[in-house]
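Let me begin by presenting the structure, written as structure tokens, before commenting on it.
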């Protein structure tokens, strides 16, 4: 612990957030005055889900901080852009890149249902590791057979049962979205495309899609095993991980969980400076977690934060 009198004084009066190792993080800033009850509920679920997840392929939530008018979520920084942007600008991925990317998306098989898996929420680190992000629509389930009834996510990735306004199994909905993601990565196009929402709904419900003949046979079988109308007929995650197409995957890096930084005396930041220099989604370079806070934690929005560890 630092014994510098000025630093200790800053901590006592709340000027200094804490001591931390210096590296880049992503800072999500939320205006509390604009959060209605639904937004508060979604934020609470996002924080609760992310606090439960300690996985190398999930963006790590380091800390949640509160000021009178704003909330700050300090998140792991993934500086390689998102999958949607990469596919839109560079086209389809190579077969090996598809395998490595898809295997990492699959690997966070947990009792948290994402419900918004899409290319925009799959991020790359600077070293190419995959990080699944944005758990705003997520929910935790004690039993993966528990039925859900809230329509969530993006229509192009939505499963048939969502378009039919039926109760659904969260795991099956996430599996369907993974199939859409895989199709997008392999071909560079979306499997279900339509000019109107009504036409898109019909395409999805009837499972109308066409795989190009040049897609490798094992990959075609995997996609067809995932994109099935009946949830019970879709591949489970363990079936996908054990399929012929993914078995020979060789990872070019070591996947290790993000290690929380130990408090260090070297770096510090003033709260007022952080608030003035950041806006929603902007990345800053002088924060790290877990941070030692002297200010109050979230009273209600983060109630689940401390119960799911």
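Laid out as a table, the results:
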{"quantity": "When the range 27-152 is reduced to its Cα atoms, the Kirkwood hydrodynamic radius in Å", "calculated": "15.8 Å"}
{"quantity": "Proxy reagent accessibility, fewest Cβ within 10 Å first, across 245, 176", "calculated": "245, 176"}
{"quantity": "Fewest-first ranking of 114, 55, using other Cβ atoms within 10 Å as the exposure measure", "calculated": "55, 114"}
{"quantity": "Global form of the range 138-256, assessed from the alpha-carbon gyration tensor, a/c cut-off 1.5", "calculated": "oblate"}
{"quantity": "Footprinting exposure proxy for 35, 83 (fewest neighbouring C-beta atoms within 10 Å first)", "calculated": "35, 83"}
{"quantity": "Prolate/oblate/rounded call for the range 100-192, Cα gyration tensor, a/c under 1.5 rounded", "calculated": "oblate"}
{"quantity": "C-alpha center-to-center spacing [the range 161-236, the range 36-99] in angstrom", "calculated": "24 Å"}
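Here, each number is a calculation from the coordinates, and none is a lab measurement. Nothing here was measured: the structure is a model prediction, and the numbers come from that model. Neighbour counts are summed over all protein chains in view; Cβ atoms, including those assigned to glycine, are modelled from backbone coordinates with ideal geometry.
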